[in-house]
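Down below is the structure, laid out as structure tokens.
The values are calculated or read from the model by the stated rules, or taken from the named source; none is laboratory data. Note that the structure is a prediction, hence the values are computed from the model and not measured. For neighbour counting, all protein chains shown are included, and Cβ atoms are generated from backbone atoms with ideal geometry for every residue, glycine included.
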């Protein structure tokens, strides 16, 4: 009798474990190539880039400083890009040049009030990086932005004062050339890698 009970329990436990396994099927897209069925799997795109890390201590310090400076000014460039899009919409709705100038004066006051103190505390190298990142985010050099938003005369004077202090508002961003390292750092920041 014990023999039959143990066989009965063994069959019940065995059938229960077979029923508890998942039998769900995964359906894949497939193509038939020369008589073979080949599954088609779509993978997300992966961008591969590398940060050129120098071997010398001086080079490593310089890279570390560059990363620190980019991390500090990149948020300002992103904000500038967003603000520019906001103000472009508002400026398109302006009735005339007088209303447009009034809107721009108001925008300048808001920006100075919100970010003026922080931007004044930027170092020389941070300022140069910010000029390049503004070009990256907006697609226009700082000079072109001032010219578009404030006029040619104001842009001329801003450029003149910038040149006195060693800046160039007409600097363009070159991600494939001299700004390759800067572009890599920005992409790493965007992905949360640094």
Problem set entry | Failed condition for residue 89, given (1) surrounded by 11 or more Cβ atoms within 10 Å (Cβ to Cβ); (2) over 13 Å from the mean Cα position of the chain (by Cα); (3) part of a helix (DSSP H, G or I) | (1)
Problem set entry | Meets criteria (over 21 Å from the mean Cα position of the chain (by Cα) and either touching a residue at least 40 places away in the same chain (Cβ under 8 Å) or part of a helix (DSSP H, G or I) (or both)) for residue 110 | yes
For this session: Within region 92-123, count every residue that is within 18 Å of residue 173 (Cβ to Cβ) and either exposed (fewer than 14 other Cβ atoms within 10 Å of the Cβ) or modelled with pLDDT under 80 (or both).
Result: 0
Exercise. Quick check: is even one residue across region 45-57 within 30 Å of residue 189 (Cβ to Cβ), assigned to a helix (DSSP H, G or I) and modelled with pLDDT of 85 or more?
Worked result: yes
Exercise. Taking the stated definitions as given, is residue 131 modelled with pLDDT of 80 or more, under 18 Å from residue 81 (Cα atoms) and either assigned by TED's automatic domain parsing to the domain that holds residue 72 or in a helix (DSSP H, G or I) (or both)?
Worked result: yes
Exercise. If you check every pair at least six apart or on different chains, which have Cβ atoms under 6 Å apart with a residue in region 147-168 that is closer than 25 Å to residue 123 by Cβ and assigned by TED's automatic domain parsing to the domain that holds residue 135 first and a residue that is modelled with pLDDT under 80 and part of a loop (DSSP other than H, G, I, E, B) second?
Worked result: 159/169; 162/169
Exercise. For residue 132, are the conditions met, namely being surrounded by 14 or more Cβ atoms within 10 Å (Cβ to Cβ) and within 27 Å of the chain's Cα centre (by Cα)?
Worked result: yes
